Amino acid sequence: MSTSSSIRMRIRDVFPNITIGRHPTGPLNSLTDVPGVLVHTESIRTPNTPTQHAVNTGVTTILPRKDWFSRVCHAGIFSFNGSGEMTGSHWIEETGLLRSPIILTNSFAVGPCYTGVYQHAIREHASPDGTVDWFLTPVIAETYDGYLSDIAAMPVTPDMVVRGIDRASAARVPEGCTGGGTGMVCQGVKGGTGSASRTVVAHAGETFTLAALVQANFGKDWGLTIGGVPVGRLLMDAAQRAAHEANLASIDAGTNDSESESTQPAKDGSIIVILATDAPLSPTQLKRLAKRATVGLAKTGGWGSNTSGDLFLAFSTACDIPGAQPMTWRPARGPAQRVLLDNSVNSLFECAADCVEESIYNAVCMAETTVGPMGRVVEAIDLDRLRRVLGRWCCTD
């Protein structure tokens with residue numbers, strides 16, 4: 001799949017007639033369409049030199065709200081396949097509460113990012129004497145970028161997270177080779193960061209927004225599906241297709257016990273999905289919402305490899321729970337929380353699947369050809385060829 005000279009575009013710009021669900025997008029079609037949600041990306045990209053391997057990595061910072069420390073969100077998590085890390089997940093599972101930025105990065109940078117959240121929190125919320133008496137479990141999630149980045153160089157530092165929290169904004173999320181997604185590979189082509197949003201009209205004219213951000217680093221080239229079209233197979237040239245079919249035949253015959261291609265990373269994985277909404281959902285409902293990310297992943301050809309870390313988190317900004325709660329032995333009521341009826345959340349489940357699907361498309365379509373250590377190259381998907389394939393095969397309204 002060689003790249004073309006086309007300017008990188010989101011999927012709706014590549015093929016405006018594509019149908020991805022039935023609900024309208026938000027104004028930016030991005031995670032930041034959810035009111036109050038802020039995002040920042042910072043990337044590190046350095047070339048190969050005689051003394052240094054190429055680095056393509058970074059940090060994506062998501063704030064559920066600007067005052068994330070003092071005002072807690074309801075949240076839920078789901079692990080589709082657990083070959084990965086999302087710190088803080090045990091406390092979210094225990095309480096259904098999110099009191100942290102969400103940081104996405106590479107597998108070797110979880111520690112520095114964890115420290116960065118603490119450094120920012122201490123700077124802003126320590127006592128005048130410099131001590132702290134509060135509890136915090138940072139949420140850091142990772143996918144592996146060692147094929148396209150010198151992951152052993154460990155270039156991500158805590159100050160990148162501090163800057164990300166300070167600079168997070170409501171602008172459209174930069175996509176493709178940005179932030180934690182800078183060095184990721186998705187289904188045989190360059191992957192990375194992608195986002196999308198949907199709006200749903202509730203009773204009495206109230207409108208809710210649901211949005212997704214993905215760090216896409218999963219799958220094999222033959223599995224890529226866009227708009228129901230098996231574009232991975234269709235974009236293979238004759239030699240690639242023959243080699244792939246011969247490889248599968250040898251596996252079926254028992255003469256080859258490895259499905260890895262020499263031109264592809266050996267590890268198949270992973271994807272992190274963050275879902276945000278302003279709909280008033282309980283932690284249990286948010287966990288159910290997070291599970292629907294699996295549907296969107298499946299529509300693009302993902303199926304949860306053994307070595308894939310497919311970890312999903314959903315949060316709602318509708319609740320307003322104090323971050324600092326005094327200890328008392330007497331049961332006490334918190335702020336009244338209104339949540340949606342379970343029988344009324346189907347459209348939000350639907351939107352979650354649609355947003356994840358489109359976010360993956362955007363990650364792939366916006367990514368650029370990238371050169372990694374030892375001259376490894378992963379091409380961006382050829383948008384001109386993709387447009388032609390979709391024009392011939394895609395079912396549209």
Expected single match for in contact with a His (Cβ under 7 Å, 6 or more places away or on another chain) and under 29 Å from ALA367 (Cα atoms) among ASP150, ASP166 is ASP150
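Return the residue satisfying two criteria in turn: it lies in the range 243-291 and is under 30 Å from VAL173 (Cα atoms) and among the acidic types (Asp, Glu), and of such residues it is modelled with the lowest pLDDT.
Start the filter on the range 243-291 by keeping residues that are under 30 Å from VAL173 (Cα atoms), which leaves 264-291.
Checking which are among the acidic types (Asp, Glu) leaves us with 268, 278.
Working: ASP268: 62, ASP278: 97.
Looking at the filtered set, the residue picked out is ASP268.
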Counting only residues in the range 292-310 that are surrounded by fewer than 19 Cβ atoms within 10 Å (Cβ to Cβ) and modelled with pLDDT of 95 or more, the one nearest to LEU340 (Cα to Cα) is identified as VAL295
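Out of GLU93, GLU124, which single residue is of a type in the set (D, E, K, R), within 23 Å of THR294 (Cβ to Cβ) and at pLDDT 95 or above?
Numbers: GLU124 fails: within 23 Å of THR294 (Cβ to Cβ).
On inspection, the qualifying residue turns out to be GLU93.
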Residue hits (the range 203-240; part of a strand (DSSP E or B), in contact with a strand residue (DSSP E or B) (Cβ under 6 Å, 6 or more places away or on another chain) and closer than 23 Å to PHE312 by Cα) are PHE208, THR209, LEU210, ALA211, ALA212, LEU213, VAL214, GLN215, ALA216
Within the range 361-397, residues being out of contact with any helix residue (DSSP H, G or I) (no Cβ under 7 Å at 6 or more places or on another chain), outside any loop (DSSP other than H, G, I, E, B) and closer than 20 Å to GLY179 by Cα number 7
Only unsatisfied item for GLU94, checking (1) crowded, with 21+ Cβ neighbours inside 10 Å; (2) under 30 Å from LEU210 (Cα atoms); (3) more than 21 Å from the chain's Cα centre (by Cα), is (1)
Scanning the range 100-134 for residues that are of a type in the set (Gly, Ala, Ser), more than 13 Å from ASP159 (Cβ to Cβ) and surrounded by 12 or more Cβ atoms within 10 Å (Cβ to Cβ) gives SER100, SER107, GLY111, ALA121, ALA126
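The values are calculated or read from the model by the stated rules, or taken from the named source; none is laboratory data. If you're wondering where the values come from, they're calculated on a predicted model, not measured in any experiment. Neighbour counts run over all protein chains shown; Cβ positions are idealised from the backbone, glycine included.
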